[in-house]
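Since every read-out is calculated from the coordinates, none of them should be taken as a lab result. Owing to the predicted nature of the structure, the values given are computational and were not obtained by experimental measurement. Virtual Cβ from ideal backbone geometry, glycine too; neighbours counted across all protein chains shown.
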């Protein structure tokens, strides 16, 4: 076994630990063997001692630490089973988990079935294993919640919530990080007040560290990496006590499903283990997002730690919190966008017949603190041709870079127009290696053709919205709605009115929104420091029928109308608070400019006007209007061209459809 663990150490380029290796302050010299009859298992919890089979005590040794199993798909049990197989090949003395053994968040029967499944997988280990309790293991959902939630089940099936044991002149201390709020007992790892160690557990830790004062090394295990700032400041007193002991070498935790190394504090190394089957935020093994376990080689002078996924060896100390945050920033925020699209010849770069002949300049911004290298591969499908067929681009940290492609497409009336697509492969250039991020494919957002038809057609279509992803969008630069009176209106035929449903909105603590939520028509305008919201009684809107919905702000009052009847009003004065977010038809905007609160059904004749078009208690809704000088936007929703729906207003600011949104022939009674 020792030779196998040495092979792991050499495989990642590290030498076996010698006198120069980092050691805990008390990790020198030898200690006398335990007195005969002295118990090696220490706990003040009443259950589970018989479940923990202690390993034999010999000389130098190694152990393995498993990350979270749950918080991911059921298929993750196969990852755990493979980790068990791999661990048996290494043959360490023992295995520890860092919690989240079962899916949990359920009642008795489901919890017991999940515990049985986990124990069956772990039973194939050839060495003893020791559990840590995580939030998935103890949180109860549903009726009949007992005091402590699943704590009793955990102790009956797995062992004590906190305990310690000795092995080969070392001690292993398992803490419980989900005792909850000491005042209320509430369990919620999101709240710092619920992430506090109890006085009872802390007193036990004090006694245990005193008992282990002669050990070469003490290792501490818990579920939540409570030294991170999101868990409050309670860990500092625990760390202070660990540092005072002088022989605590390392602390291991899990929960975040991402490997990271947070350095050495007062001689104590801090590690977070990733996952053995739990959900991964992304597939980026060399940034710590992978299924893996930690292998720890223990000698009197110190320890050596390696992360072992299937077929790959990683040094967890390379996966710092800084690197992890940097890679996440690239994965979440990297954008390759069209900076300019100019005609390659005398004709327009794109016309309404679908012909493209353009030079497209792409801009990529790197949000990271290290350089990235991009490989840009336009996809030659849907009749497109590109020159060159791909390009490489290195983008310095925090900067932008551009490159240009020639793009051509012949007009083809037999084929619907679609945007060209671009595949982006990105390598994060760490100081010692390249980290390949997941490949992405997206459309190149060209501007709509200048000759796109923008007048209503005779067939009177409607925009189809699926309630899940479909919407139409105007970017902030397309909207020029001056402060003061305005009107937002549309014809709608809802399919589902349950929940929050945006009809025409960009309401994010600012601006305005016309909504059809739970059968209630509402119009909200952010004036001064708060929303002024006019809304109807419940049931004003119905599914399956066409209704005209209008919101009006006249400078003194906010009103909402259904089929020309005033159904809600509220006093509203002051300047409208603007934002730089998209305006959506069939959704509302999130803080990041994405659509949410999706509308389900049909929408027709969407119009935004810079005047209060309707006054009083009642008016006759127009079946179809014409554009005038006060029309800011008007979607007749009669036909699609590519991803756009034409704006029949004077500014021709065509809306970009998203998701499955599309126009269809759907005659509306009275529209003609």
message: So, R0 is 51 Å and r is the distance between the beta-carbons of residue 406 and residue 91; what FRET efficiency does that work out to, to 0.05?
response: 0.25
field: Ranked list, fewest to most other Cβ atoms within 10 Å of each Cβ, for 318, 226, 542
entry: 542, 318, 226
- prompt: Kirkwood Rh, the chain, all Cα pairs: how many Å?
  reply: 29.2
- request: Classify region 546-585 as rounded, prolate or oblate from the Cα gyration tensor: take a ≥ b ≥ c as the square roots of its eigenvalues, call it rounded if a/c is under 1.5, otherwise prolate when a/b beats b/c and oblate if not.
  value: oblate
task: Find how many whole Å separate the alpha carbon centroid of region 351-386 from the alpha carbon centroid of region 51-103.
output: 46
query: Rounded to a whole number, what is D in µm²/s for region 481-614 from Stokes-Einstein with the Kirkwood radius over alpha-carbon pairs (10 °C, 1.306 mPa s)?
result: 111
query: Quick one: helix 321-333 against the long Cα principal axis of the chain, what's the angle to the nearest 10°, folded into 0 to 90?
result: 20
field: Virtual spin-label span in nm between residue 329 and residue 282, 7 Å along Cα→Cβ
entry: 1.3
- request: Based on other C-beta atoms within 10 Å, arrange 119, 355 from fewest to most.
  value: 119, 355
task: Have a look at the DSSP beta bridges in the chain and tell me what percent are antiparallel, nearest 5.
output: 85
task: Could you calculate the contour length gain from residue 359 to residue 423, that is, 0.36 nm times the residue separation minus the distance between their Cα atoms, to one decimal place in nm?
output: 21.2 nm
query: So what's the projected area for region 51-96, the Cα convex hull averaged over all directions, in nm²?
result: 4.1
- line: Between residue 451 and residue 565, the FRET efficiency computed from the C-beta separation at R0 = 30 Å comes out, to the nearest 0.05, as 0.15
statement: Relative to the chain, whose Cα atoms define the longest principal axis, helix 76-90 and its Cα axis are tilted in degrees, nearest 10, by 30
message: As I understand it, the value is the acute angle between the Cα axis of helix 2-11 and the longest principal axis of the Cα atoms of the chain; what does it come to in degrees, rounded to 10?
response: 40
- line: Taking R0 as 30 Å and r as the Cβ-Cβ distance between residue 443 and residue 394, the FRET efficiency 1/(1 + (r/R0)^6), rounded to the nearest 0.05, comes to 0.80
task: Can you pull the one-decimal nm distance between simple spin-label points at residue 234 and residue 434, each 7 Å off the Cα toward Cβ?
output: 4.6
field: Orientation-averaged projected area, Cα convex hull of region 135-186 (nm²)
entry: 4.5
task: Find the all-direction average of the projected area of the Cα convex hull for region 361-416, expressing the result in square nanometres with one decimal place.
output: 4.4
query: Between region 262-295 and region 601-672, what's the alpha-carbon centroid distance in Å?
result: 52
statement: Stretched fully, the stretch from residue 190 through residue 591 gains (0.36 nm per residue minus C-alpha distance, one decimal, in nm) 142.2 nm
query: Taking Rh as the Kirkwood radius computed over C-alpha pairs, what is the Stokes-Einstein D of region 333-443 at 37 °C in a medium of viscosity 0.692 mPa s, expressed in µm² per second?
result: 219
- request: Would you order 465, 242, 280, 51 from fewest to most other beta-carbon atoms within 10 Å of each residue's own beta-carbon?
  value: 51, 280, 242, 465
field: Span from the region 484-501 Cα centroid across to the region 109-167 one, whole angstrom
entry: 50
message: On alpha carbon coordinates alone, what is the Rg over Rh value for region 180-240, Rh being the Kirkwood radius?
response: 1.01
statement: Rounded to a whole number, the Stokes-Einstein D of region 82-240 in µm²/s (Kirkwood radius over Cα pairs; 20 °C; 1.002 mPa s) is 128
